[in-house]
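Each remark here refers to the structure printed beneath this line.
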Amino acid sequence: LEPEPEPDPEPEPEPVPAPVEAMPSPSTPAAANPGSELTFVENMICGSTARLCASIVLHPFDTLRTRAQARKRATPGGSQFSVADVFLKGIVPQVALAMPAGALQFATLELARNALSRPDVVAKVALNKPVKDLLASAAGAFAASFVRVPQEVLKQPVQAGLYRNSADSARAVWRGGPRRLYRGFGATVLRDVPWNSLGYTFFRAIKLAVRAPDEAKSDMLLAGIGGAIAAVILTPMDVVKTRLMTQSSADAVQYSGVLSTLGRVLSEEGPAALFRGVLPRVIYLAPLAAIVLAVYGEMARVLLKLKHAE
């Protein structure tokens with residue numbers, strides 16, 4: 001008997017290329033991460049918690065930046081600013097409002113991203129994914145300003161030594177009313193929205209220039225570099241915001257408006273004054289994306305494990 005012919009081996013399936021994930025914005029964890037499997041609320045929780053952790057870790061550099069940029073004046077009672085003050089001054093509003101600001105930013109970012117991906121919008125305006133991420137990131141930064149400005153108004157005067165603690169700062173803001181609570185809103189928007197846009201633009205340009213791979217570690221490093229470059233460029237607007245928020249009613253001449261404050265600092269103190277605090281500002285913002293992305297990714301993995309265990 002002739003042996004039966006062996007069946008032809010089944011052809012091996014062609015490998016499916018892994019999807020190319022979105023590039024990260026310097027302020028949001030939009031890089032490859034397990035968060036894509038989470039719900040909207042879960043993403044918001046992860047994002048806001050990650051922002052809180054980053055704000056606490058980097059708070060000392062935020063304090064040093066504020067003190068470098070604020071108008072020079074003696075601390076209340078003539079007390080000296082100690083090392084402990086660098087870690088503790090203004091920490092209460094920092095902690096209390098970091099999560100609401102982060103939640104609002106992430107919620108708006110996701111809503112904007114989904115809105116820009118709707119079929120009726122795509123049919124009218126053809127936007128590629130990087131542009132959508134850029135616009136969504138800008139929308140998130142703008143929305144977060146409605147919480148972040150009160151946070152800064154309460155925090156920065158304490159960091160600058162204008163008030164002994166956050167309670168004194170809150171009482172002063174309460175006496176000033178809602179308008180006092182949103183002092184420096186325009187300068188904050190003109191700082192944060194362009195920082196997100198510029199940081200993201202620099203990130204993409206550097207990634208294309210060095211032909212970096214689509215890896216989380218590489219993206220975090222390049223996002224930090226892009227954010228640092230944008231931070232340097234926008235330091236003058238940060239100085240304007242700080243001057244507006246840390247002025248006292250006892251000051252002989254009050255700062256008023258973005259352009260007026262910018263011109264006054266330039267004419268009275270020179271161009272160098274517009275770049276005060278640039279080093280702690282860069283140290284604060286450069287690792288921000290990496291910390292947010294790391295905490296966000298870890299929380300997302302924990303939530304996914306809990307969901308899959310059910």
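Within region 281-310, track down each residue that is part of a helix (DSSP H, G or I) and of a type in the set (D, E, K, R).
Filtering region 281-310 for residues part of a helix (DSSP H, G or I) gives 281-285, 288-309.
Those that are part of a helix (DSSP H, G or I) and of a type in the set (D, E, K, R): R281, E298, R301, K305, K307.
If we keep just the residues of region 78-94 that are over 20 Å from the mean Cα position of the chain (by Cα) and part of a loop (DSSP other than H, G, I, E, B), which is modelled with the highest pLDDT? In this case the residue turns out to be K89. Which pairs turn up if I take residues in region 100-113 that are closer than 12 Å to C46 by Cα and modelled with pLDDT of 85 or more and look for partners that are among the hydroxyl-bearing types (S, T, Y) and part of a helix (DSSP H, G or I) with beta carbon separation below 6 Å, at least 6 apart in sequence or on another chain? If the second residue must be among the hydroxyl-bearing types (S, T, Y) and part of a helix (DSSP H, G or I), the pairs left are G102/S48; A103/S48.
Contact map, region 43-70: first residue farther than 27 Å from G297 by Cα, second residue open to solvent by 10 Å² or more (accessible area, probe 1.4 Å) and hydroxyl-bearing (S, T, Y), Cβ cut-off under 9 Å, separation 6 or more or different chains; pairs are L64/Y284; R65/Y284.
All told, M245 falls short of being more than 21 Å from V153 (Cα to Cα), of a type in the set (A, V, I, L, M) and in contact with a Pro (Cβ under 8 Å, 6 or more places away or on another chain).
So in region 176-231, with the set limited to residues that are polar (S, T, N, Q) and at pLDDT below 90, which one is nearest to R243 (Cα to Cα)? Working first, answer last.
Step one: of region 176-231, the residues polar (S, T, N, Q) are 188, 196-197, 201, 218.
Filter again for at pLDDT below 90, leaving 196-197, 201, 218.
Working: N196: 22, S197: 24, T201: 28, S218: 36 Å.
The qualifying residue nearest to R243 (Cα to Cα) is N196.
Taken over region 165-206, residues that are of a type in the set (F, W, Y) and in contact with a Gly (Cβ under 6 Å, 6 or more places away or on another chain) amount to 2. Scanning region 227-255 for residues that are free of Cβ contacts under 8 Å to residues at least 40 places away in the same chain and open to solvent by 20 Å² or more (accessible area, probe 1.4 Å) yields a count of 8.
Of the residues making up region 259-280, those that are within 24 Å of W195 (Cα to Cα), assigned to a helix (DSSP H, G or I) and either open to solvent by 30 Å² or more (accessible area, probe 1.4 Å) or touching a Ser or Thr at 6+ places or on another chain (Cβ under 6 Å) (or both) are L259, S260, L262, G263, R264, L266, P271, A272, F275, V278, L279. Screening R71, R113, R67 for residues that are charged (D, E, K, R) and part of a loop (DSSP other than H, G, I, E, B) leaves exactly one candidate, R71.
The values are calculated or read from the model by the stated rules, or taken from the named source; none is laboratory data. All values derive from a computational prediction rather than experimental measurement. Every residue, glycine among them, receives a Cβ derived from its backbone with ideal geometry; neighbour counts consider all protein chains shown. These area figures cover heavy atoms from the full protein model, side chains too; ligands, DNA and RNA do not enter into them. Shrake-Rupley method; radii C 1.70, N 1.55, O 1.52, S 1.80 Å.
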